1. Out of these labelled values of Cα extents along the principal axes in Å, (1) 32, 19, 14; (2) 39, 24, 13; (3) 34, 20, 14, which was calculated from the coordinates shown here?
2. Hey, got a sec? Which trypsin sites (Lys or Arg not before Pro) in the chain land in a DSSP loop and have at most 12 other Cβ atoms within 10 Å?
3. Would you mind calculating the gained length between Asp33 and Glu5 on full extension (0.36 nm times residue separation, minus the Cα-Cα distance), in nm to one decimal?
4. Given Cβ point charges of +1 (Lys, Arg) and -1 (Asp, Glu) and nothing else, what value in debye, to the nearest 20, does the dipole of the chain about its Cα centre take?
Amino acid sequence: MARIELPKDELAAFCQRHHIRRLALFGSALRGDFGPESDVDFLVEFEP
């Protein structure tokens, strides 16, 4: 299984810059069957 490494401080700064209230990851990346051919599924809620 492949692993995605994201520094939390950089992710928080990205969300702040783009006015993202909530960012969620779902799909194969959480199920445990994420691989080289997988995409990354995000749910994004923006600030009003």
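Laboratory data are not the source of any read-out in this text; all were calculated from the coordinates shown. In this text, all values refer to a predicted model and were calculated from it rather than measured experimentally. Here the Cβ is made from the backbone with ideal geometry for all residues, glycine too, and neighbour counts use every protein chain on show.
1. Read-out from the structure maps to (3).
2. Filter output for the chain: Arg3.
3. 8.5 nm
4. Roughly 180 debye for the chain.
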